[in-house]
Number of protein chains: 2
Amino acid sequence: MVDYIGVADMQRLVRRIGVASFIERLASEIEADFRRWSLFEKSARLASHSDIGVIELMPTSDGQLYSFKYVNGHPKNTERGLLTVTAFGVLADVATGYPLLLSELTLTTALRTAAMSALAARWLALAGSRTMALIGNGAQSEFQALAFHRMLGIRELRLYDVDATATDKLAHNLAAQPELADLTVLRCASIADAVRGADIVTTVTADKRNAVILTPDMIEPGMHLNAVGGDCPGKTELHRDVLLRPDARVVVEYEPQSRIEGEIQQLPASFPVVEFAQVLRGEATARMSPRDVTIFDSVGFALEDYSALRFLHELLHDGSEAPNRIDLIPTLADPKDLFGGLLGSAGRTTLRRVA
Amino acid sequence: MVDYIGVADMQRLVRRIGVASFIERLASEIEADFRRWSLFEKSARLASHSDIGVIELMPTSDGQLYSFKYVNGHPKNTERGLLTVTAFGVLADVATGYPLLLSELTLTTALRTAAMSALAARWLALAGSRTMALIGNGAQSEFQALAFHRMLGIRELRLYDVDATATDKLAHNLAAQPELADLTVLRCASIADAVRGADIVTTVTADKRNAVILTPDMIEPGMHLNAVGGDCPGKTELHRDVLLRPDARVVVEYEPQSRIEGEIQQLPASFPVVEFAQVLRGEATARMSPRDVTIFDSVGFALEDYSALRFLHELLHDGSEAPNRIDLIPTLADPKDLFGGLLGSAGRTTLRRVA
């Protein structure tokens, strides 16, 4: 039997803890795992591309626990009432190879992406950042807003989306959150309006193309750019000249994967970047001056899902509720007798025909 | 919601159809998919090795359906009452990226491996093969016996395992199968005794090391060797000189993966092999003469699991039973409103604080 967290279980877990608290606790778990960076088996995710989307597998292991996430990205899904991104994942025991937990990760991916964004911003953005532009008001946007309000102290949020109903939806959802009572939410007429004067700019758009959400003229000294939406070959959000500013400091999660999928896919492989784990472990400095523009070129790395699955597995066994379990793996009296244990007749007959 | 086949569901499905019939039907599905070989996205599986085992992800896609399998291999698991190999997998829709089916694949892997072995033997072994040596009498052995009895017409089976209790178990299980009433089962004192005079030799041992189950002196002209157990770097079953016989014809599933994991890992990359799909599609001939020794250097390829998952999904929707379903993926009224749909308050409040 394998522990199971379905969508209903996940809703219950997150509501019990509170969304912002959940994100903040998850960010601590992610930070703890990034500090163990060298222990993890790392690889660029295994992507299966089609004309209209991608399906990816993202495995990692620290030698004790193994995890993988299945995640798709299909921007046109919303036209037929489906989600752009769905995901699920498994945590397994390296010693036995047995899966321990199967969990929904659609909701969890939104939570962990927001946790990672805010964690990176804590290390990269200027202290005292209070204003954030939020470009792209789709499925991920509320999570980003809650994370930056809780973890960075953002108190003014400037919204923009090409789809005005997405902004309506976001504004409605934010207004319904009691803990955001001290958050000013502004609706902006253009990306430039939203970005002007912001301390932090979060881009979380979904189009599978080389979009130009942020152009060089919009960028101001000291800004932190949290570029979430460009996460696939051919799917970027920043004009390349934004990355090429002399004062830009680009931070990635796992360089070999980001060279393929991140904003830096627009640049030669020699373009200098810093891995987040290096910043966290004091091995590198990203922001040299308050006027530097820090860019978190985020694509999402398997370690973040590992942290989420490990955290969920711990929450599931904290004694609050009995975990749901599913019969994904057989339990056999004799492990060498798969056939007899599962398909044999009720009792064994006497031995026949054996020389 | 995602269709779900747990261990109990799989037991019911297989018992409804019968084990040998299930294997034979699955072999037809696998054959049909191998005929479409060029349509599949192929890659060597993604393996995470530890000292005592391996966890692998095996994805593939034909552009319409995507599948992957999670499978571990931990030979020492049986010492603690656990299975050496457990597996599960997912079938997904390439157009939307949505998973369609999550299924147990532990039992299914044994069925599909036997189906693949017998399918390959149909194309490679001498017509009229009636005697098979079965070396390694563990979890996979009954499935191999049933498949070769049904699909090849094997009527004499010669058993050997270093662990006599494994052979006891296999003999018991075979004796309890009414459809094997015409099968003579001999218990042999050594590998050489079992192999002598056999038309087909199936090796399905589990040790994670370079074992030498078959040595050159045991091999007779015309034999077909079904080498199932060597399927991992450092895990082989045949002495390299068996492969190097001038009359040996080595057939693999997917050459780039087999170079890493198959018996041929013992040989230079220039050693000639033929892919099974080429044989099936008439693009290559493996057996040139009745005296050739054909060797199916099987490691298990993602396409076989794709076929199994596609077949299971079809069986699940044949109208016999309502499929079980699990809430692995959210269903939302508004797909852009992940937050509101799953975590929002019951009703939306009126818009506040939006400029």
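The values are calculated or read from the model by the stated rules, or taken from the named source; none is laboratory data. Remember, it's a predicted structure, so these values are computed and weren't measured experimentally. Positions of Cβ are generated from backbone atoms using ideal geometry, with glycine treated the same way; all protein chains shown enter the neighbour counts.
Brief remarks follow.
- Filter result (buried (at least 19 other Cβ atoms within 10 Å of the Cβ) and either within 30 Å of B:SER50 (Cβ to Cβ) or in contact with a Leu (Cβ under 7 Å, 6 or more places away or on another chain) (or both)) within the range A:115-131: A:ALA115, A:MET116, A:ALA118, A:LEU119, A:ALA121, A:ALA125, A:SER129
- Residues that are within 19 Å of B:ARG245 (Cα to Cα), assigned to a loop (DSSP other than H, G, I, E, B) and of a type in the set (A, V, I, L, M, F, W, C), drawn from the range B:270-284: B:PHE271, B:VAL273
- In the range B:18-37, the residues that are on the phi > 0 side of the Ramachandran plot reach residues that are assigned to a helix (DSSP H, G or I) with C-beta atoms within less than 9 angstrom, at least six apart or across chains, in these pairs: B:GLY18/B:GLU179.
- Residue match in the range A:294-312 (condition: over 21 Å from the mean Cα position of the chain (by Cα) and more than 22 Å from A:THR109 (Cβ to Cβ)): no
- Residue-level check: of (1) assigned by TED's automatic domain parsing to the domain that holds B:ARG36; (2) surrounded by fewer than 18 Cβ atoms within 10 Å (Cβ to Cβ), B:PHE271 misses just (1).
- Number of residues in the range B:170-198 that are among the polar types (S, T, N, Q) and either more than 13 Å from A:GLY344 (Cβ to Cβ) or without any contact (Cβ under 8 Å) to a residue 24 or more places away in the chain (or both) equals 2.
One line per residue, one yes/no per condition, for (1) assigned to a strand (DSSP E or B); (2) at pLDDT below 95; (3) buried (at least 22 other Cβ atoms within 10 Å of the Cβ):
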site: B:GLY138; (1), (2), (3): no, yes, yes
site: B:GLU142; (1), (2), (3): no, no, yes
site: B:ALA145; (1), (2), (3): no, no, yes
site: B:LEU157; (1), (2), (3): yes, no, yes
site: B:LEU170; (1), (2), (3): no, no, yes
site: B:ASP193; (1), (2), (3): no, no, no
site: B:ALA198; (1), (2), (3): no, no, yes
site: B:ASP207; (1), (2), (3): no, yes, no
site: B:ILE213; (1), (2), (3): yes, yes, yes
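- Residues that are part of a strand (DSSP E or B) and either more than 7 Å from every other protein chain (Cβ to nearest Cβ) or modelled with pLDDT under 90 (or both) within the range A:43-72 comprise A:ALA47, A:HIS49, A:VAL54, A:GLU56, A:MET58, A:THR60, A:LEU65, A:SER67, A:LYS69, A:VAL71, listed in sequence order.
- Whichever residue in the range B:178-187 is at pLDDT 95 or above and more than 8 Å from chain A (Cβ to nearest Cβ) and, among such residues, is surrounded by the fewest Cβ atoms within 10 Å (Cβ to Cβ): B:ASP182
- Residue check for B:GLU237: in the same structural domain as B:ARG291 (by TED's automatic domain parsing) and surrounded by 18 or more Cβ atoms within 10 Å (Cβ to Cβ): yes
- Test: residue in the range B:116-123 that is in contact with a helix residue (DSSP H, G or I) (Cβ under 8 Å, 6 or more places away or on another chain) and either facing chain A (nearest Cβ under 7 Å) or within 24 Å of B:ASP9 (Cβ to Cβ) (or both): yes
- Candidates A:GLU156, A:GLU179, filtered to the one that is touching a Lys or Arg at 6+ places or on another chain (Cβ under 7 Å) and assigned by TED's automatic domain parsing to the domain that holds A:HIS239: A:GLU156
- When B:GLU263 is tested against (1) among the charged types (D, E, K, R); (2) at pLDDT below 95; (3) farther than 25 Å from B:SER129 by Cβ, just one condition goes unmet, and that condition is (3).
- Pairing each residue of the range A:84-111 that is more than 7 Å from chain B (Cβ to nearest Cβ) with any residue that is of a type in the set (Lys, Arg), provided the two are 6+ apart or on different chains, yields C-beta distances under 6 Å for A:ALA87/A:LYS69; A:GLY89/A:LYS69; A:LEU105/A:LYS69.
- Here A:SER103, A:SER141, A:SER61, A:SER67 are screened, and the one residue that is among the hydroxyl-bearing types (Ser, Thr, Tyr) and under 19 Å from A:LEU183 (Cα atoms) is A:SER141.
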